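The values are calculated or read from the model by the stated rules, or taken from the named source; none is laboratory data. Bear in mind that the values here come from a model prediction, so they are computed numbers and not experimental data. Here the Cβ positions follow ideal geometry from the backbone for every residue, glycine too, while neighbour counts run over all protein chains shown. Ligands, DNA and RNA are stripped out before the accessible areas are found, and what is left, the full protein with its side chains, is counted by its heavy atoms. Shrake-Rupley method; radii C 1.70, N 1.55, O 1.52, S 1.80 Å.
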Amino acid sequence: MKKLRVAIIGQGRSGRDIHGAYLHTDKAKEKFQVAAVVDQLEDRRKRAEKEWNVPVFASYTDLYNLTGQIDLVVNSTFSYQHAPIAIDLLNHGFNVLCEKPACCSLEEFNAMTAAAKANDRFLDIFQQSRFAPYYKQVKKVIDSGVLGRLVDVDIRFNSFQRRWDWQTLLSYNGGSLRNTGPHPLDQALDILGDPLTMPSVFCHMDKVNTFGDAEDFCKLILTEPGRPLIDLTISCCDAYPSYTYKIHGSRGGLKGTMSHMDWKYFDLDKAPEQHLIKTPLCHEDGTPAYCGEKLEWTEKCWDGDPNGPFDSAVAEYYDMMYDHLVNNSPLKVTLEQVRQQVAVYQEAHRQASLPVVFDR
């Protein structure tokens, strides 16, 4: 089996603890081989030398000396660096997997995709939560059609935390929408299912417990004709943490978390036959009656992956990427889908008009 040689830029929470952790597994080693690591911090470089026993560099530009020896570069730098570094790598002939958020603006995203096209190189954004077991179950229920026409999809990615790291800074492309938001927003837009159309966006942002200038509360309402309303909340000020889905449908509904889901629905063919009545409803004895019926519900449930919601998602994303690079299989996370997400970010921040207080 062909092994892809990988360089990882960044040894922080993403580069080391997500990408690196997966690439250390036996499963990953069947298809990938880490060939180089980059980090600007000396202590992280020393640690990487011990953990990987590969060439370690202080600057990503040092990778240019390895042209032809690297099949894929994982770009896990600061969020504001994603676009310029990805473009530079693409222009030097490298395939690039870029961490989320993809970039700061549509202008940057268009420049990234243009560089990939001009150099005939691979570019994708690491939206691994598309493959999370809980979301795959949500999609399975939706696609089965048992809930009928979807009316409302309510998504909550909420916790309570005070933060003072770079993810709280607008100048670093931080904030809850671009930090946590790429996961539920990618799923929400996947449910809408039309990456070429910009949905109508309502956004409210607030700064509550953050020590920076970016939002730590974000409410998004997304609508599109003929599609369900999406109500998405990403909050760092919810004292009762909830990572939940709740779906309203014409024949049933779903509620659940990353570890457990319940859904129920009725069979329209087995439901009592009804017709519109304009006169007051009465019981057989003539007393007033409330309009109601007894439906026969089918109820089902699902318990999550015992290994948690994310490990298998990372593995499935890497498998998808490998099959694309080696066998030219289609990508399930496409640049058109990510571009729509960037457009929503941009419109949300336009509406919020948060001022940049802290420079880099």
| query | Solvent-accessible area per residue for the stretch 264-360 at a 1.4 Å probe radius, Å²? | reply | 72 Å²
| Tell me, what is the 1.4 Å probe accessible area of His183, in Å² to the nearest 10? | 30 Å²
| message | Tell me the carbon and sulfur percent of the accessible area for the stretch 292-335, rounded to whole percent, probe radius 1.4 Å. | response | 47 percent
| What does the helix-only formula give at 222 nm for the chain: each DSSP H stretch with n ≥ 4 adding -39500 (n - 2.57), the total divided by the residues, and the result rounded to the nearest 500 deg cm²/dmol? | -8500 deg cm²/dmol
| Answer label for Cα extents along the principal axes in Å (calculated), chosen among (i) 76, 54, 43; (ii) 54, 42, 37; (iii) 90, 50, 37 | (iii)
| the stretch 105-240, accessible surface, carbon-and-sulfur percent (1.4 angstrom probe) | 52 percent
| said: I want the local charge near Asp262. Using Cβ-Cβ distances under 9 Å, sum +1 for each Lys or Arg and -1 for each Asp or Glu among the other residues. | reply: +2
| Cα atoms only, the stretch 1-156: Rg and Dmax in Å? | 17.9, 56
| field | Residue-wise HN-Hα coupling along the stretch 278-291, computed from phi with Karplus coefficients 6.51, -1.76, 1.60 (Hz; x: Gly, Pro) | value | 8, 7, x, 7, 9, 6, 4, 8, x, 7, x, 10, 8, 6
| request: With a 1.4 Å probe and every protein chain kept in, tell me what percent of the accessible surface of the stretch 1-90 is carbon plus sulfur. | output: 46 percent
| request: Using label points projected 7 Å from each Cα along Cα→Cβ, tell me how many nm separate Tyr290 and Arg360, to one decimal. | output: 6.0 nm
| Euclidean distance of C-alpha centroids, the stretch 32-52 and the stretch 278-351, integer Å | 38 Å
| Given the C-alpha centroids of the stretch 85-125 and the stretch 1-27, what is the distance between them in whole angstrom? | 19 Å
| request: Using a 1.4 Å probe and counting only protein heavy atoms, arrange Arg163, Arg178, Arg227, Arg44 so the residue with the most accessible area comes first. | output: Arg227, Arg44, Arg163, Arg178
| remark: Projected onto their principal axes, the Cα atoms of the stretch 16-76 stretch, largest extent first, over whole-Å spans of 29, 28, 19
| message | Give me the net charge for the shell around Thr334: Cβ to Cβ below 13 angstrom, other residues only, Lys and Arg +1, Asp and Glu -1. | response | -2
| To the nearest 0.05, what FRET efficiency results for Ala271 and Val208 with a Förster distance of 41 Å applied to their C-beta separation? | 0.35
| task | May I ask you to order 80-91, 62-73 by the average number of other C-beta atoms within 10 Å around their residues, highest value first? | result | 80-91, 62-73
| query | Taking θ as phi - 60°, what are the ³J(HN,Hα) couplings along the stretch 29-38 by the Karplus curve (6.51, -1.76, 1.60), each to the nearest whole Hz, with x for Gly and Pro? | reply | 5, 5, 10, 10, 9, 5, 10, 6, 9, 10
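For the stretch 162-225, what does the convex hull of the Cα positions come to per residue, in cubic angstrom?
About 85 Å³ per residue, rounded to a whole number.
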| request: Return the long-range amide H neighbours of Leu123 (sequence gap of 5 or more, or a different chain), with a cut-off of under 5 Å between placed amide H atoms. | output: Val96
| For all pairs of alpha-carbon atoms in the stretch 193-326, what percent lies in each bin of width 10 Å, listed from the first bin to the last filled one? | 8, 19, 28, 25, 12, 6, 2, 0
| query | If you place +1 on the Cβ of every Lys and Arg, -1 on the Cβ of every Asp and Glu, and leave all else neutral, what size is the dipole of the chain about its Cα centre, to the nearest 20 Debye? | reply | 580 debye
| field | 17 Å reach of a label modelled at Thr61, 7 Å along Cα-to-Cβ, counting backbone N of the stretch 93-132 | value | 93-94
| request: Mind ranking 291-304, 242-255 by how tightly packed they are, going by the mean number of other C-beta atoms within 10 angstrom, highest first? | output: 242-255, 291-304
| query | When ligands, DNA and RNA are left out and all protein chains stay put, how many square angstrom of accessible area per residue does the stretch 46-132 have with a 1.4 Å probe? | reply | 39 Å²
| query | Dipole of the stretch 212-297, Cα-centred, from +1 at each Lys and Arg C-beta and -1 at each Asp and Glu C-beta, to the nearest 20 debye? | reply | 140 debye
| note | Once normalised by the length of the chain, the mean sequence separation of its alpha carbon contacts under 8 Å that are 6 or more apart gives a contact order in percent of 18 percent
| Heavy atoms of Arg121 accessible to a 1.4 Å probe, total area in Å² rounded to 10 | 90 Å²
| request: Starting with the highest mean, order 310-316, 94-100, 331-337 by the number of other Cβ atoms within 10 Å, averaged over the residues of each peptide. | output: 94-100, 310-316, 331-337
| Dipole moment magnitude, nearest 20 debye, the stretch 1-110 about Cα centre, only Lys, Arg, Asp, Glu C-beta charged | 460 debye
